[in-house]
Amino acid sequence: MRNKKKVVTSLLCGVSSLVLAAVPVMADADIQKYTNTDFAMDTVVSETLYTTGKDLNETVGDKIREIETGLLSWTDENSQIAKLNAASGETAEVSDELAGYLQKIFQLAEDSGGAFDPTIGKIIRLWDIDGENPHVPEQSELDELLKDAGYEKVSLDGDKVTLEKGATLDLGATGKGIGCDVVADFLKTQTEVSGMILNLGGSSVMAYGEKPDGSDWKVALTDPRDTEGDYLGAITLNGGEFLSTSGDYEKYFMEDGKRYHHILDPKTGYPVWNGLDSVTVICDSGLLADGLSTACFVLGMEDALKLLDKYDADAAFVDEDKNVYLTSGMKDRFELMKNTYTVRDLQ
Ligand code: ADP
Ligand code: MG
């Protein structure tokens, strides 16, 4: 988009230098920048909006909260997901909007061979990793809950959803990405908005439109082993792109030198230990960036690359030996900021 603007500007330059002097300056001067920090989906929301109209940051926060309470919440009994779970064993109807998300989510579950699985919510709660009582569960408890998990226990037929009795849905691994999509769709209806960067909890980011000065949208990549949350690099995003990071450093507890974190292998019900510390994915959908980052973390680098190819997505993998592996489309966008890490090519 930025390139298009440059072409238009240089065309104008050929026609009349007077026009060139007046048009961009006037337009940019009218654009106001509004920043805000909000709280939604149990996390901090950072918003930077560029518009010639009014400040929409509060409305953006409300949109995300509406999705959370109306659609996604596991605990709010009025949310569509909570209602579906309460109706486990029966067929229930959901909104067109949720049906659309579920269709993408179950396609990803299938494409990832179940590495990403939206039916493991009960197992996640058993570990209680970010709750009051994080602990390693008994194997018998895990085995019991594994029986009710498995994406094939859910069938979709248009807006009708059927969960096998005992099966539940938890969209935690895609919730923030869906939040980003909802905001992007809202912004498309706001003609005065020229650009926005939205960051949900540091793990899901939406870049929309462009900045008035034409400079890049940049997102910091967290060093997974820096306890202060310091950055190891920066990634450039274009307007219309979404980024998501899944890592073993966001929610975890340590026991006997082992890191028990919040990304589980649906086959075992245990945290994934495969040498990866984090995976960051960029693509043109918030839901998919979020789901893919979780899926790729579970799959490990080799299988993740096949999945990314299928979705035309790019990624940065950070491993425990302080290597950063970049897919070809990520190379030009990534800037290393810590010399304790080494950038390596994948393709
Ligand atoms: P974030 O917490 O930043 O959203 P993720 O997008 O990686 O991080 O989502 C992790 C969350 O997804 C976990 O907290 C858990 O609720 C759920 N989850 C964990 N493992 C899986 C998995 N293999 N498939 C689907 N969801 C998962
Ligand atoms: Mg995710």
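Descriptive notes on the structure:
- Length available on full extension from Glu132 to Asp321: 0.36 nm per residue minus the Cα-Cα distance, which gives 64.9 nm.
- Candidate residues Thr91, Thr43: accessible-area rank, largest first, probe 1.4 Å: Thr91, Thr43
- Label separation (Ser215 vs Thr268): 4.6 nm, computed from points 7 Å beyond Cα along the C-beta direction.
- The modelled label-to-label distance between Asn36 and Thr59, using points 7 Å beyond Cα along the C-beta direction, is 1.0 nm.
- Other-chain or far-sequence residues with amide H under 5 Å of Val44's (modelled H): Gly201
- The ellipsoid that matches the Cα gyration tensor of the chain has semi-axes, each √(5λ) in whole angstrom, of 37, 25, 18, with the longest given first.
- Cα gyration tensor shape of the range 64-118, rounded if a/c is under 1.5, else prolate or oblate by comparing a/b with b/c: prolate
- Heavy-atom accessible area ranking, 1.4 Å probe, most first, across Asp62, Asp128: Asp62, Asp128
- Rounded, prolate or oblate (a/c below 1.5 giving rounded, otherwise prolate when a/b exceeds b/c) for the range 68-173 by Cα gyration tensor: prolate
- C-alpha long axis of helix 286-299 to longest principal axis of the chain, angle in °: 50
- Three-way shape label, the range 122-265, alpha-carbon gyration tensor, a/c 1.5: oblate
- Extension gain, Glu192 back to Thr227 (0.36 nm per residue minus Cα-Cα distance, nm): 8.6 nm
- Relative contact order [Cα under 8 Å, 6+ residues apart], the chain, whole percent: 15
- Between Glu66 and Lys258, the contour length at 0.36 nm per residue exceeds the alpha carbon distance by 65.4 nm.
- Amide H to amide H, with H built 1.01 Å from N, Tyr270 comes under 5 Å of Asp265, counting only residues 5 or more places away or on other chains.
- The accessible area of Tyr231, taken with all protein chains in place and a 1.4 Å probe, comes to roughly 110 Å².
- Across the range 102-209, C-alpha contacts under 8 Å between residues 6 or more apart give a mean separation that, scaled by the residue count, equals a relative contact order of 21 percent.
- The range 68-173 - percent of accessible surface contributed by carbon and sulfur, probe 1.4 Å: 44
- Pairs from the table (Lys33/Lys176; Lys267/Lys331; Lys147/Lys258; Lys251/Lys310; Lys33/Lys218; Lys310/Lys338) lying more than 21 angstrom apart at Cα are Lys33/Lys176; Lys267/Lys331; Lys147/Lys258; Lys251/Lys310; Lys310/Lys338.
- Rounded accessible area of Tyr341 (nearest 10 Å², 1.4 Å probe): 10
- Taken one residue at a time, the phi angles of the range 100-114 give Karplus couplings (6.51, -1.76, 1.60, θ = phi - 60°) of x, 5, 5, 4, 5, 5, 6, 5, 5, 4, 5, 4, 8, x, x Hz. Gly and Pro are set to x.
The values are calculated or read from the model by the stated rules, or taken from the named source; none is laboratory data. Bear in mind that the values here come from a model prediction, so they are computed numbers and not experimental data. Counting neighbours? That spans all protein chains shown, and the Cβs are built from the backbone with ideal geometry, glycine included. Areas reflect the complete protein model, heavy atoms only, side chains present, ligands, DNA and RNA absent. Shrake-Rupley method; radii C 1.70, N 1.55, O 1.52, S 1.80 Å.
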